[in-house]
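See below for the structure under consideration.
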């Protein structure tokens, strides 16, 4: 199969669709022509497309039946192949077909286009291609959706109706506080309706944390270490309880660095002002505490994403 890199310049709809310069995929054994909205041509084997998508398969079969009927009633067509007009751009189709045909996968260059690619695969119910694309994205470094682009990714995922990506991005935004003073910056990234839905998601996560974390017994992993600075009835170091309650008020503080800083603030000092007990807590105990807390918080966010639909 010959692949020609897509020309992103707009083409006049009056151009002859069989001009060689318009052909992006050119399989010598092609038995159907797919046309993009910008008049680019994909000469492909319909078997691959029909196996990948029932929806496209039905469109192709209708085109084939019409083509056969016309051919039998008139002179042979100059194209000699049935044609299917699609509403997607050539850039998106070119990338999508690399996840269907036995060739090297090729992703779009922008976050927006990649979300559109996922939405098109979802639209045509291409489950295998969708899984392939998501698997390919999961191996990217840095990750496709990361803390730096989480708000923009959430907005695009909402726009394209991608629940999996919306949940993934929403969880990453929990590392930020949606306070009044920061809302203007977020409005520049996403529509107000999406931001409001994200704010409600943050509120639901916070409510779930307040419900589950205190009763989870997470802090008991550090029980028995008497804090010299403050004594508590639970037997858990006071700074640990303080850190856990800070997460319930501000989920963005659930972060290993924040945890280490809380410990450092507590143990800072020397001589009689230093908490000798907390300084001596074994690293293994600290790791167990963090792993338990991480698991508890993760289960809380899982509950919210399952019970509530966070995209509109």
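The figures follow:
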| quantity | calculated |
| --- | --- |
| Relative exposure of 221, 131, judged by other C-beta atoms within 10 Å (fewest first) | 131, 221 |
| Footprinting exposure proxy for 204, 43, 134 (fewest neighbouring C-beta atoms within 10 Å first) | 134, 204, 43 |
| Order of 41, 257 - criterion: other Cβ atoms within 10 Å of each residue's Cβ, fewest first | 257, 41 |
| Extension gain from residue 276 to residue 189, taking 0.36 nm per residue of separation minus the Cα-Cα distance | 26.6 nm |
| FRET efficiency, 1/(1 + (r/R0)^6) with R0 35 Å, evaluated for residue 298 and residue 103 via beta carbons | 0.40 |
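Only the coordinates and a few stated rules stand behind these numbers; no lab work does. Predicted model only: the values in this text are computed from it and were never measured. In this analysis, Cβ positions are derived from the backbone assuming ideal geometry, glycine residues included, and neighbour counts consider all displayed protein chains.
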